[in-house]
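The values are calculated or read from the model by the stated rules, or taken from the named source; none is laboratory data. The model shown is predicted, which means the values in this text are computed figures rather than measured ones. Backbone-built Cβ (ideal geometry, glycine too); neighbour counts: all protein chains shown. Accessible surface is based on the protein model in full, side chains and every heavy atom, while ligands, DNA and RNA are left aside. Shrake-Rupley method; radii C 1.70, N 1.55, O 1.52, S 1.80 Å.
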Amino acid sequence: MREILTKRWDYIIISMNSLCYTLAREKEASQRMEKEAILTVQNIYKDFGTVQALKDVSISFMPGKIHGLIGENGSGKSTLSSVISGIYPASSGNMFLNGKEYCPTSIIEGEKNGICMIVQEMGTIGGITTAANIFAGQENLFSKFGIVDKKAMTKAAQKALDDIGASDIDAGASIDEESFENRKIVEIARAMYHPVQVLIVDETTTALSQKGRTIIYKIMDKLRTEGKVVIFISHDLDELTEHCDVVTILRDGVYIDTLQKETIMPDTMRRLMVGRQIEEDYYRNDFEMFQPGKPVLSITGLCVDNTLKDISFDLHEGEILGIGGLTDSGMHDLGKLVFGIGKPDRGNVTFCADGECVKSPGVAIRHKMGYVSKNRDKESVLNQSDIQDNICLPSYDKIKKGCYISPAREKELATQQSTTLQIKMSSLRQLCGQLSGGNKQKVALAKWLGNDSDILIMDCPTRGIDVGVKAAIYKLMDEYRKSGKSILMISEELPELIGMSDRILILKEGKVTKEFTRDKKLAESDVIRHMI
């Protein structure tokens, strides 16, 4: 008996020694990795009230790597990048930069430490010059005795733009004169002005044309060559596969897995993102000849300066009419004009039912038209208002009785639409600005669907949203047209245009250059030929 107990005790001691050795090796490896890593996040939690956006996330970002960060909308990608850059403080956990504890209290402090971020939505300040945007918060670089040398600042800003290949942007001009894309390029110039250790690119490429994407890809490759880190957030899985060395997947604020270069494949990423298999083909699969219903909207001879030149077409019942072209083709301006934002020099937008012209958004809304802008944060949702107010905003005439707006009817409408679109939220009173990009897009759609809109103008409807939400929006669009309603869809994504449209109009330099009808054989190359 004593011999058996002795052997068991020896076995326990050997096992414990082995376990201690293994733990020591793992700790040593972890410490070595943290020492080698430029940036390490450890056990990061982030709460927004009752919503836990990040839960015990730990990642090491190694030098000379483009590190992809992906997940469904609401997975915590942008929250983590905001914690790293200094926009939000972590609720708990630690960060280390070059082996030293790193705890930024603002984005400016993050930039001083070489952590620069290009945000998903608009990150420039209106009403000031491009140069003032590039050096916002850093005016002291050009000031003497409290007076800013604007000429020196403009000269330095122009050099920063020239250095990244954006010399066509005038640093001395007002930022309000620049397109959405050029504003994003200004943000890139700002990020690259000072020495960068970690560049965070948060869904920026979705807002850029090929010119802008080429600029940012070159910068990413340059930083990788210099041994720096790029944290690249994108929903374009092919883009991630092509450019990333490492990809980390988050789901519901939790770390799921990290893929190395040889295992980065769209199917694998898609499965890890959503926790289930999603078919890549989520576009419409019907290709029968489109039988147009009666016209509901007529656009005739629309002209605006050099932006749009004699645009004419009809939108029909039960039709998805796609508008495609390069970013500066005029297609985004067309969407605004159709909704009554701005006035054309010549031409009209007319409702076919009663012949009334669209002179303002108020007229458009009264005729049950809705508009989902490409610029989600500035034009589609009110970030400082709650979800319920955003959803109900166009529908007060529908839900009020006399001058009285019933809180119960407000809540009923918002609940119905948020449930239909499966908006992830803590409550209807959560601020819209706290939602992920995909859930903001759902709110933007919910407010027009809640108003029983018969016509929807959707400008880049799936920009910056994940495959799961994208599939849900495509399904909603298909059901919408099947119900006899109409969509004018403006898109920079050719697969989306070809996959969802009954007809496609291509714009080039403000003119319609080609019309395509739905066809299984229609290829991207056929469309591109008339865009460039």
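Some notes on this structure:
- If R0 is 25 Å, the Cβ-Cβ spacing of Ile341 and Asp397 corresponds to a FRET efficiency of close to 0.80.
- Long pairs among Lys309/Lys368; Lys184/Lys378; Lys336/Lys514; Lys55/Lys374, criterion Cα-Cα beyond 24 Å: Lys309/Lys368; Lys55/Lys374
- Relative to the longest principal axis of the Cα atoms of the chain, helix 180-193 runs at roughly 30 degrees.
- Considering helices alone, the calculated mean residue ellipticity of the chain at 222 nm is -11000 deg cm²/dmol, with DSSP H runs of length four and up weighted by -39500 (n - 2.57) and normalised per residue.
- Between 0 and 90°, nearest 10: helix 437-449 axis offset from the chain longest Cα axis: 30 degrees
- Cys460 accessible area, assembled protein chains, probe 1.4 Å, Å²: 10 Å²
- For Thr420 and Lys261, a Förster radius of 45 Å and the Cβ-Cβ distance give a FRET efficiency of 0.65, rounded to the nearest 0.05.
- Computed from backbone phi with θ = phi - 60° and the Karplus coefficients 6.51, -1.76 and 1.60, the 3J(HN,Hα) list for segment 399-416 is 9, 7, 10, x, 9, 9, 9, 6, x, 5, 6, 4, 5, 4, 5, 5, 5, 4 Hz; x is used for glycine and proline.
- Counting only Cβ charges, +1 for Lys and Arg and -1 for Asp and Glu, the dipole size of segment 430-496 around its Cα centre is about 200 debye.
- Remark: segment 386-466 carries a charge dipole of roughly 180 debye about the Cα centre, counting +1 on each Lys and Arg Cβ and -1 on each Asp and Glu Cβ.
- By the rule of a C-alpha distance below 16 Å, with chain neighbours fewer than 8 residues away ignored, the lysines paired with Lys159 are Lys150, Lys151.
- Loop sites in segment 138-245: GluC sites (Glu not before Pro), DSSP, at most 16 other Cβ within 10 Å: Glu226
- Gyration tensor verdict on the chain (Cα atoms; rounded if a/c is under 1.5, prolate if a/b is larger than b/c, oblate otherwise): prolate
- Per DSSP, loop GluC sites (Glu not before Pro) in segment 76-135 with at most 14 further Cβ within 10 Å: none
- Cross-link pairs Lys65/Lys440; Lys411/Lys470; Lys343/Lys447; Lys211/Lys475; Lys398/Lys482; Lys100/Lys211 - those with Cα-Cα distance over 28 Å: Lys65/Lys440; Lys211/Lys475; Lys100/Lys211
- FRET efficiency, Thr225 to Arg529 (Cβ-Cβ, R0 60 Å, nearest 0.05): 0.95
- Each Lys and Arg Cβ is given +1 and each Asp and Glu Cβ -1; about its Cα centre, the chain then shows a dipole of about 920 debye.
- The string of couplings for segment 487-503 from the Karplus curve (6.51, -1.76, 1.60, θ = phi - 60°) is 10, 9, 9, 9, 8, 9, 9, 5, x, 5, 4, 5, x, 10, 8, 7, 9 Hz, one whole number per residue in order, with x for Gly and Pro.
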